[in-house]
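Okay, so here's the structure we're looking at.
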Amino acid sequence: TVVTTVSANDADEGLSSEVIYSIAHVAKEAKKLFEVNMKTGEIKVTGKLDFEKSKTYQLNVKASDHGGFTDTCKVIVKILDENDNVPTIQLMSFSNSISEDSPPGTTIAVVNVDDEDSDGNGVVKCSITSNVPFKIESSLTGYYTIVTEDFLDRESIPEYNITINVSDQGSPPLSSSKNINVKVSDVNDSPPKFKQSEYSKTVPENNSPGFSVFTLSASDADWGQNARVSYFLEEKEINGVAVSSLLSINSENGVVHAVRSFDYEQIKWFEFNVTARDAGSPPLSSVATVKIIIQDQNDNPPQVLYPVQTGGSVVAEMVPRSADVGYLVTKVVAVDVDSGQNAWLSYKLQKATDRALFEVGLQNGEIRTIRQVTDKDAVKQRLTVIVEDNGQPSRSATVIVNVAVADSFPEVLSEFTDFTHDKEYNDNLTFYLVLALAVVSFLFITCLVVIISVKIYRWRQSRILYHSNLPVIPYYPPRYSDTLGTGTLQHVYNYEV
């Protein structure tokens, strides 16, 4: 590239007027960058110019003729800047982690931006990505500060990738960028959360102790220790009993166990609270309400309220002989402490003195006559009614109803005198009578055998003595004496014998 042309005149003529150009007394760098045509005086660029290294060059151009005369001039070359340098980004300070509870305006990085170009080519504009809660501020010339613009939430976004963009104002502009990663450190600002605020669970009664009722689960959006959840039962009394004596909960996994067997007849449902607490400092917690509904099982038989089964005198229902068909004799009243279909009772006539005379209502337990009462019907009528519930399997109770078919009370008394005791008492009395009879018979037979044995023994002894050959020793009674030669015994001895 021709920078310029220098020209020198010489007033001589001929060979003495020929001028030769050269560059003298210049810096070594300038001598590498420029050269002059010795005949025409054109100054050309011979090397690569760099505005950032030197903005001006001074060339001393010498013109000399053949006679030894010289003249010099100064050529000052000013370099024009071109936008040939990309802006640079340098992190002066940077924190790759920031707490999520940091207030807006917290500094996370200080950036130095530089462009070696000049004027508009060296004017730099710095910016960051717009979809992050950070902003960039200019603090000093060439220095920028990246600060938080809003509150951070690690549970929403745990980390951010920030791109720093710089560009100059050259034509065309040059730009560069740098990426930094900022992690948001956790703060215990999220309490544990249950999936539901209220839970309901049905548990059958008569469960085995240690039975796993169900599992509670709470999640914590925090991290690490701040997200480790433990479960606790809130103490309260249920019908005067501490909830901890009914249920227990595993603090690690939230499994609720039954401590003892539930009884629907004592408690039908109960509520308690479970607290989920994290391990943060300070810890945060939340509460869920749990309702346990006890499901009834058919574990209670029906109870007969009427007629009352007494162990003393007999209670009998009177039916006049003039009673018509459908006459209401009495009603069996029974209850079942179970619930639902387990408490639906049905009444059936199991045994009766005359099954053709009475019937029992299946649902209401009413005992009615099914035909006209006649004089031939017995006064004493004994009905056995069985009461069954509708459970699976069903349970039952039996009641005995005594019915007197009579028109007058004295007739009833005469017929029911043998019912003064209940069946159990009569059975016991019969047993003792049979036992006493057996004992007496045994003693009688034993005594009879003993007596016969003794008689036979004595008889055999007397026979042995009679047939023996032993000499007989005469025996005289102590008061024996021969009186007047008659030899008779005294009367006293006779009497004694």
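The values are calculated or read from the model by the stated rules, or taken from the named source; none is laboratory data. A quick note: this is a predicted structure, and the numbers were derived from the prediction, not measured. Cβ sites come from the backbone with ideal geometry, for glycine too, and all protein chains shown count toward neighbours. Side chains are part of the model used for accessible areas, which takes the heavy atoms of the whole protein and leaves out ligands, DNA and RNA. Shrake-Rupley method; radii C 1.70, N 1.55, O 1.52, S 1.80 Å.
Total residues in the stretch 282-305 satisfying the condition of being open to solvent by 50 Å² or more (accessible area, probe 1.4 Å) and either farther than 30 Å from LEU233 by Cα or free of Cβ contacts under 8 Å to residues at least 12 places away in the same chain (or both): the figure is 3. In the stretch 339-347, the count of residues that are in a loop (DSSP other than H, G, I, E, B) and modelled with pLDDT of 90 or more is one or more.
Which one is farthest from the chain's Cα centre (by Cα) among residues in the stretch 345-373 that are hydroxyl-bearing (Ser, Thr, Tyr), over 10 Å from VAL332 (Cβ atoms) and open to solvent by less than 60 Å² (accessible area, probe 1.4 Å)?
THR369
Output the residues belonging to the stretch 154-183 that are within 49 Å of the chain's Cα centre (by Cα), open to solvent by 80 Å² or more (accessible area, probe 1.4 Å) and farther than 28 Å from LEU284 by Cα. Within the stretch 154-183, ASN161, ASN179 qualify.
Here's the yes/no breakdown for (1) open to solvent by 20 Å² or more (accessible area, probe 1.4 Å); (2) closer than 30 Å to GLY340 by Cα; (3) in contact with a His (Cβ under 8 Å, 6 or more places away or on another chain):
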residue	(1), (2), (3)
ASP222	no, no, no
ARG228	yes, no, no
TYR231	no, no, no
SER248	yes, yes, yes
ASN253	yes, no, no
SER261	yes, yes, no
THR275	no, no, no
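Among the residues of the stretch 184-214, how many are surrounded by 14 or more Cβ atoms within 10 Å (Cβ to Cβ), polar (S, T, N, Q) and in a strand (DSSP E or B)? The qualifying residues number 1.
Please go through the stretch 393-424 and pick out each residue that is among the aromatic types (Phe, Trp, Tyr) and either within 28 Å of LEU362 (Cα to Cα) or modelled with pLDDT of 60 or more (or both).
To start, the set of residues in the stretch 393-424 that are among the aromatic types (Phe, Trp, Tyr) comprises 409, 416, 419.
Selection gives PHE409 alone.
Checked against (1) at pLDDT below 90; (2) out of contact with any Gly (no Cβ under 8 Å at 6 or more places or on another chain), VAL45 passes all but condition (1).
Output the residue which, of all residues in the stretch 221-258 that are in a strand (DSSP E or B) and hydroxyl-bearing (Ser, Thr, Tyr), is nearest to the chain's Cα centre (by Cα). Filtering the stretch 221-258 for residues that are in a strand (DSSP E or B) and hydroxyl-bearing (Ser, Thr, Tyr), the one nearest to the chain's Cα centre (by Cα) comes out as TYR231. Being over 46 Å from the mean Cα position of the chain (by Cα) and either closer than 30 Å to SER251 by Cα or without any contact (Cβ under 8 Å) to a residue 24 or more places away in the chain (or both): is that true of SER197 here? In short, no.
Pick from GLY365, GLY340: which is on the phi > 0 side of the Ramachandran plot and either in contact (Cβ under 8 Å) with a residue 40 or more places away in the chain or among the hydroxyl-bearing types (Ser, Thr, Tyr) (or both)? Working first, answer last.
Details: GLY365 fails: either in contact (Cβ under 8 Å) with a residue 40 or more places away in the chain or among the hydroxyl-bearing types (Ser, Thr, Tyr) (or both).
GLY340 is the lone residue from the list that is on the phi > 0 side of the Ramachandran plot and either in contact (Cβ under 8 Å) with a residue 40 or more places away in the chain or among the hydroxyl-bearing types (Ser, Thr, Tyr) (or both).
Restricting to the stretch 159-187, name every residue that is free of Cβ contacts under 8 Å to residues at least 60 places away in the same chain and either among the aromatic types (Phe, Trp, Tyr) or farther than 24 Å from ASN83 by Cβ (or both).
We begin by selecting, within the stretch 159-187, every residue free of Cβ contacts under 8 Å to residues at least 60 places away in the same chain; these are 159-163, 165, 169, 179.
Hits for the stretch 159-187 are GLU159, TYR160, ASN161, ILE162, ASN179.
Scan the stretch 61-88 for residues that are open to solvent by 60 Å² or more (accessible area, probe 1.4 Å) and under 30 Å from ASN165 (Cα atoms) and the total you get is 5. Please specify each residue of the stretch 259-287 satisfying the condition of being among the acidic types (Asp, Glu) and in a strand (DSSP E or B). GLU271, ASP278, listed by residue number.
Across the stretch 113-153, what is the number of residues that are part of a loop (DSSP other than H, G, I, E, B), within 29 Å of SER54 (Cβ to Cβ) and open to solvent by 80 Å² or more (accessible area, probe 1.4 Å)? Step through it out loud before you land on a result.
Applying the first criterion (part of a loop (DSSP other than H, G, I, E, B)) to the stretch 113-153 yields 115-118, 123, 129-133, 141-142, 149-153.
Now restrict to residues that are within 29 Å of SER54 (Cβ to Cβ): 115-118, 123, 141-142.
Among the residues that remain, those that are also open to solvent by 80 Å² or more (accessible area, probe 1.4 Å) are: 116, 141.
Selection size over the stretch 113-153: 2.
Here LEU15 fulfils each of the conditions (1) surrounded by 12 or more Cβ atoms within 10 Å (Cβ to Cβ); (2) in a helix (DSSP H, G or I) apart from (1).
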